[in-house]
1. Could you check region 169-205 and list, in sequence order, the residues that are touching a Gly at 6+ places or on another chain (Cβ under 7 Å), surrounded by fewer than 16 Cβ atoms within 10 Å (Cβ to Cβ) and not in a loop (DSSP other than H, G, I, E, B)?
2. Six or more apart or on different chains, Cβ atoms under 6 Å: show the pairs whose first residue is in region 88-109 and within 17 Å of residue 272 (Cα to Cα) and whose second is of a type in the set (Ser, Thr, Tyr).
3. Would you check if residue 76 is closer than 22 Å to residue 262 by Cβ and loosely packed, with under 13 Cβ neighbours inside 10 Å?
4. Taking the options 51, 29, name whichever one is touching a strand residue (DSSP E or B) at 6+ places or on another chain (Cβ under 9 Å) and exposed (fewer than 14 other Cβ atoms within 10 Å of the Cβ).
5. Looking at (1) surrounded by fewer than 23 Cβ atoms within 10 Å (Cβ to Cβ); (2) touching a Phe, Trp or Tyr at 6+ places or on another chain (Cβ under 8 Å), which one does residue 243 not meet, given that it meets all the others?
6. Condition first: crowded, with 16+ Cβ neighbours inside 10 Å, assigned to a helix (DSSP H, G or I) and either free of Cβ contacts under 8 Å to residues at least 40 places away in the same chain or among the polar types (S, T, N, Q) (or both). Can you find one or more residues in region 7-24 that meet it?
7. Using the structure shown, decide if residue 129 is more than 23 Å from residue 45 (Cα to Cα), of a type in the set (Lys, Arg), free of Cβ contacts under 8 Å to residues at least 60 places away in the same chain and in contact with a Ser or Thr (Cβ under 7 Å, 6 or more places away or on another chain).
8. Return yes when residue 167 is over 27 Å from residue 280 (Cα atoms), under 14 Å from the mean Cα position of the chain (by Cα) and hydroxyl-bearing (Ser, Thr, Tyr) and no when it is not.
Amino acid sequence: MNGKLIDGRQIGKDIREEIKERVNKLKEKGCTPGLAVIIVGDDSASHTYVKNKQKSSAEVGMKSEIIKLPATVSEEELLKEINALNHDDSIHGILVQLPLPDHIDENRIILAIDRSKDVDGFHPENVGRMMIGQRTFLSCTPYGIIKLLERTNTPIEGQHAVIIGRSNIVGKPMGQLLLQRNATVTYCHSRTKDLKEHTKRADILIVAIGAAKFVDASYVKEGAVVIDVGMNRDENGKLCGDVDFDSVKEVSSAITPVPGGVGPMTITMLLKNTLLSAEETCANQT
């Protein structure tokens, strides 16, 4: 068996075309969706992400505003910037690029973003709404993975999904979104005993642990769908995921590559959330 490639670049492109059409309809009504991204400090990976977000926003016709702040910025100054964006009617989505410098309380920053503009889906109220299945902004990476599964006609209902990783950004919300679609969900993490016993039962295996090529073919049931959320560098400095792609593609029925799998979907769903925010705001104004 040789796993079918799940092409996140193409699927993301298709969804962004749909977003662009809806953005154009909003613009005809005099409403341009606006996304503001705040970046603190000089982390090169963060600056690359932000540049990609800005480029993608422009491609779909959205307004994007990048606010660059020095690593020495105080928490109070950052909160003032967020408050100004909360009250800016031309901004429908606010994102603060993580990680933040150690002297800034990440939780306080997330709480400061207006829930109706929290297009990252990190605000506790939005997380709570997601947990009980209410309409809200969904965390972009798990939301993107759901779209990858749906667009490749991968069955979710009744399937056993195993997630390695329990972060607030990926692992935890991922499990809830799968549960809402009637999968049976197992969470695994660094304290899980006999990890392979769990992963070998997975129809859908989602790996989000931040360890290069950690999962090889010995972890995977034949015919499983494998989603690799990792973004690492291998011993040669080449981008790779948490999954040993070459060995796992031989046993999986479908697999995401790194790069070009989950990554493009994360930015796409950020744009989708911003669009949804703008559509709701503009509807309330008419």
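1. 180
2. Listed by first residue and then by second, the contacts come to 92/274; 92/277; 92/281; 93/274; 93/277.
3. Working: closer than 22 Å to residue 262 by Cβ: no; loosely packed, with under 13 Cβ neighbours inside 10 Å: yes.
Answer is no for this residue.
4. Values: 29 fails: touching a strand residue (DSSP E or B) at 6+ places or on another chain (Cβ under 9 Å).
So the residue among 51, 29 that is touching a strand residue (DSSP E or B) at 6+ places or on another chain (Cβ under 9 Å) and exposed (fewer than 14 other Cβ atoms within 10 Å of the Cβ) is 51.
5. Against the list (1) surrounded by fewer than 23 Cβ atoms within 10 Å (Cβ to Cβ); (2) touching a Phe, Trp or Tyr at 6+ places or on another chain (Cβ under 8 Å), residue 243 comes up short only on (1).
6. No, the conditions are met nowhere in region 7-24.
7. Working: more than 23 Å from residue 45 (Cα to Cα): yes; of a type in the set (Lys, Arg): yes; free of Cβ contacts under 8 Å to residues at least 60 places away in the same chain: yes; in contact with a Ser or Thr (Cβ under 7 Å, 6 or more places away or on another chain): yes.
So residue 129 fits the description; yes.
8. Details: over 27 Å from residue 280 (Cα atoms): yes; under 14 Å from the mean Cα position of the chain (by Cα): yes; hydroxyl-bearing (Ser, Thr, Tyr): yes.
Considered against the rule, which asks whether it is over 27 Å from residue 280 (Cα atoms), under 14 Å from the mean Cα position of the chain (by Cα) and hydroxyl-bearing (Ser, Thr, Tyr), residue 167 comes out as yes.
Readers should treat all values here as calculations from the given coordinates under stated rules, not as data from a laboratory. None of the values given here were measured: they were computed from a predicted structure. Don't worry about glycine lacking a Cβ; one is built from the backbone with ideal geometry, like all the others, and counts go over all protein chains shown.
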